[in-house]
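Engineer: Can you keep this structure in mind? I'll have questions shortly.
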């Protein structure tokens, strides 16, 4: 039975991946998460008692802990989701992003290399370190073109800069030490269990309460939207068949402006909540001052992943968004508990006085 160390497995993408892997394979998952504001044990509640899921609360920057987990559970692959990931938070408090995304990734690589070096020949050959990254490391596109795996890095926010640094560390550990690494750079994810400071869940929850729906700038910023379960399937495929040292871009083939996303959500909520006193929900839309350094457009070319490994997204933006809205409407208790005390839907990333290091 293959044993995976999944970091950040109580978060959004990591939590969905843990559920997917346990449901679709016989793998055992050692789930390491620090349980910051975006990590939530409610996401893992239905896994209680599953003998193939071991949850450990801890920090990826804790060298002793990471080394012990790798050794004691005889880990055969590391999948690193653990990251500070919200651009607005990185503007207000960049220090936390450097600590987790750069220092934490270094520690994982360092401990993984030590563990890998002690394995037998067959286990060494099968070991993998998969690092989950973002399209934001590439900067901002013009009105045409797509990011590919060879696009030069040009990060524009503290978040994307910290992820770019971690990507470079992963590359260096392959070329310097031979550690069999894989990197995936994905477009904007959406779906169940996403912390509601991100655009789609934030708009869903605010619309239900009849609160203003803030749209940055003119709403024309474009993202390529990827349903989270399609992303999980891509990661599994890369883990199984990707070539060590390679980078694979993962995109949803679903470019939309932020304004289009909000308008589509409004129409879906009108349909799903016919008795809402706030219909039509789009009347709640408000344009607000743009955030500093807001990249205008991202779009992913996932052709390499399709050509080499046979993956392509199964959900359209419309089908994925409908699944997402339905999930949030059917899980109000999760939404309430995940926001208690740490995030109340307030504006982040306005470029004020930093709160972090």
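The values are calculated or read from the model by the stated rules, or taken from the named source; none is laboratory data. Quick caveat, the model's predicted, so the values are computed rather than measured. Cβ coordinates were reconstructed from backbone atoms using ideal geometry, including for glycine residues, and neighbour counts include every protein chain displayed.
Engineer: Could you tell me which residue of segment 172-196 is surrounded by the most Cβ atoms within 10 Å (Cβ to Cβ), considering only residues that are in contact (Cβ under 8 Å) with a residue 24 or more places away in the chain and assigned to a helix (DSSP H, G or I)?
Structural biologist: 173
Engineer: Now for a separate question. Which of the residues that make up segment 133-152 are in a helix (DSSP H, G or I) and modelled with pLDDT under 95? Quick ask: steps written out before the conclusion?
Structural biologist: Step one: list which residues in segment 133-152 are in a helix (DSSP H, G or I), which gives 135-138.
Residues satisfying the conditions are 135, 136.
Engineer: May I pose another question? When segment 5-29 is examined, which residues are found to be buried (at least 24 other Cβ atoms within 10 Å of the Cβ), assigned to a loop (DSSP other than H, G, I, E, B) and in contact with a helix residue (DSSP H, G or I) (Cβ under 7 Å, 6 or more places away or on another chain)?
Structural biologist: 8, 9, 10 - these are the residues of segment 5-29 that are buried (at least 24 other Cβ atoms within 10 Å of the Cβ), assigned to a loop (DSSP other than H, G, I, E, B) and in contact with a helix residue (DSSP H, G or I) (Cβ under 7 Å, 6 or more places away or on another chain).
Engineer: Same structure again: Does at least one position in segment 254-268 carry a residue that is within 18 Å of the chain's Cα centre (by Cα), in a loop (DSSP other than H, G, I, E, B) and touching a residue at least 12 places away in the same chain (Cβ under 8 Å)?
Structural biologist: Within segment 254-268, one or more residues are within 18 Å of the chain's Cα centre (by Cα), in a loop (DSSP other than H, G, I, E, B) and touching a residue at least 12 places away in the same chain (Cβ under 8 Å).
Engineer: Now for a different question. State all residues of segment 229-253 that are under 19 Å from residue 13 (Cα atoms) and not in a helix (DSSP H, G or I); if no residue qualifies, say none. Show your work before the answer.
Structural biologist: First, pick out the residues of segment 229-253 that are under 19 Å from residue 13 (Cα atoms): 229-240, 247-253.
Residues satisfying the conditions are 247, 248, 249, 250, 251, 252, 253.
Engineer: Here's a follow-up. Just checking, does segment 79-96 include any residue being surrounded by fewer than 22 Cβ atoms within 10 Å (Cβ to Cβ), part of a loop (DSSP other than H, G, I, E, B) and at pLDDT below 95?
Structural biologist: Yes, that holds for at least one residue.
Engineer: Between 105, 43, which is under 18 Å from the mean Cα position of the chain (by Cα), more than 23 Å from residue 242 (Cβ to Cβ) and part of a helix (DSSP H, G or I)?
Structural biologist: 43
Engineer: Step by step: first the residues of segment 206-228, then only those that are touching a helix residue (DSSP H, G or I) at 6+ places or on another chain (Cβ under 6 Å) and assigned to a helix (DSSP H, G or I), then the one that is farthest from residue 318 (Cα to Cα). Which residue is that?
Structural biologist: By that ranking, first place goes to 207.
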